[in-house]
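Step one of this worksheet: look at the structure below.
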Amino acid sequence: MSVTTTTTKSGDQNVKIVTVSPTVKALAGSLGGVVEACTLQPIDVAKTRLQLDHSGQYKGMVHCIRTIAAQEGVPSLWKGLTPFLGQLTLKYALRMGSNAFFLELMRDKDGKLTQGARLMAGLGAGVSEALLIVTPFEVVKTRLQQQKGTDKALLKYRGPIHTALTVAREEGVMKLWSGATATTIRQGSNQMSLFWGKALCDGLFFDKHEGDGKILSPAQSAASGFVAACIGPTLNNPFDVVKTRMQAASKGGPQYKGFFDCLTTIAKTEGMGALWKGLIPRLARTPPGQAIVWSVSDQITGYFERQRRAAEGV
């Protein structure tokens, strides 16, 4: 943890700003990710199925969930949970930790952060998680979720490890990084808007500023996280559709030459509206998911911040 001396908005007095270390924020984020994954997996399954639906089989998110449950069994709504759980645990650890790391690098000599610095730190966190964790995990998750039914004897992919090994053996290791460009754009823009928006909402709604000693209630953290998480998915859904299509493309199925080929092919053959497929489930999953993550992580970081402030006599 670190203690930085800076001035208040009025500039007439010095205050102590106590910020927790990137390691603590990484731990807090990973625990929040576990809770999110277990709670919201059915919505993620519906999002994937809707984005892969070329024939119009599903009439919307609710119809998709009901159809999967009726035809394939309720457990099918938790398909891909293992890689999703692993992805979120590692992703949030890297996201929260790397964002805190980049923020520390961008503080000025008084410990202050500009809005631009917050945006760039969020972008750095999103790009890092996209390339190191999110892309290969989502390839595995997408392949598992696109399969229909629960009888493993009839399924090509029988679990996350089997899926990864099968894809690598049949299509090459780099196939696990299919859709990396779209994923990087999506994650970078998501986290850039998320961390900036969360800090902005905390200040506007609850007069909470980083390191000021004020601890938000879980409901307050959830509210700020929910609002901030609505920005990214609304703007970058086309990249998420491209990511899903490219990651689902296996031998014998639709093939795309790259990011822009996939983007233009979908627009030409299915219409521009197809690029916003799955937006409703994304908004039904991502903002509530971020509300859960922040309500958990803020309490953990707040606890360590209180402990540090007490030790420093602040």
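The values are calculated or read from the model by the stated rules, or taken from the named source; none is laboratory data. Predicted model only: the values in this text are computed from it and were never measured. FYI the Cβ positions are ideal-geometry reconstructions off the backbone, even for glycines, and counts take in every protein chain you see.
From the list Thr89, Thr82, Thr23, Thr48, the lone residue that is of a type in the set (Val, Ile, Thr), within 18 Å of Gln191 (Cα to Cα) and in contact (Cβ under 8 Å) with a residue 40 or more places away in the chain is Thr89. No other residue among Pro160, Pro136 is within 28 Å of Ser189 (Cα to Cα) and under 17 Å from the mean Cα position of the chain (by Cα) apart from Pro136. Annotation: Lys156 fulfils all but one of (1) touching a residue at least 40 places away in the same chain (Cβ under 8 Å); (2) loosely packed, with under 15 Cβ neighbours inside 10 Å; (3) not polar (S, T, N, Q); the unmet one is (1). Val227 meets all of the listed conditions (1) surrounded by fewer than 19 Cβ atoms within 10 Å (Cβ to Cβ); (2) in contact with a helix residue (DSSP H, G or I) (Cβ under 6 Å, 6 or more places away or on another chain); (3) within 25 Å of Val18 (Cβ to Cβ) but one, namely (3).
Scanning the range 51-63 for residues being under 15 Å from Leu279 (Cα atoms) and touching a residue at least 24 places away in the same chain (Cβ under 8 Å) gives a total of 5.
Among the numbered conditions (1) farther than 11 Å from Gln51 by Cα; (2) crowded, with 18+ Cβ neighbours inside 10 Å, the only one that Gln255 does not meet is (2).
Consider Arg143 carefully, then state whether it is over 30 Å from Ala199 (Cβ atoms) and either touching a helix residue (DSSP H, G or I) at 6+ places or on another chain (Cβ under 7 Å) or aromatic (Phe, Trp, Tyr) (or both). Yes; evaluated as a whole, the condition is true for this residue. Is it true that Leu263 is more than 30 Å from Leu204 (Cβ to Cβ) and at pLDDT 90 or above? So Leu263 fits the description; yes.
A count restricted to the range 282-314 and to residues that are over 21 Å from Lys198 (Cα atoms) and either crowded, with 23+ Cβ neighbours inside 10 Å or of a type in the set (Lys, Arg) (or both) stands at 2. In summary, Lys148 fulfils each of the numbered conditions (1) closer than 22 Å to Arg285 by Cα; (2) part of a helix (DSSP H, G or I); (3) not aliphatic (A, V, I, L, M) with the single exception of condition (2).
Only one of the numbered conditions (1) modelled with pLDDT of 90 or more; (2) surrounded by fewer than 20 Cβ atoms within 10 Å (Cβ to Cβ); (3) among the hydroxyl-bearing types (Ser, Thr, Tyr) is violated by Thr82, and that is (1).
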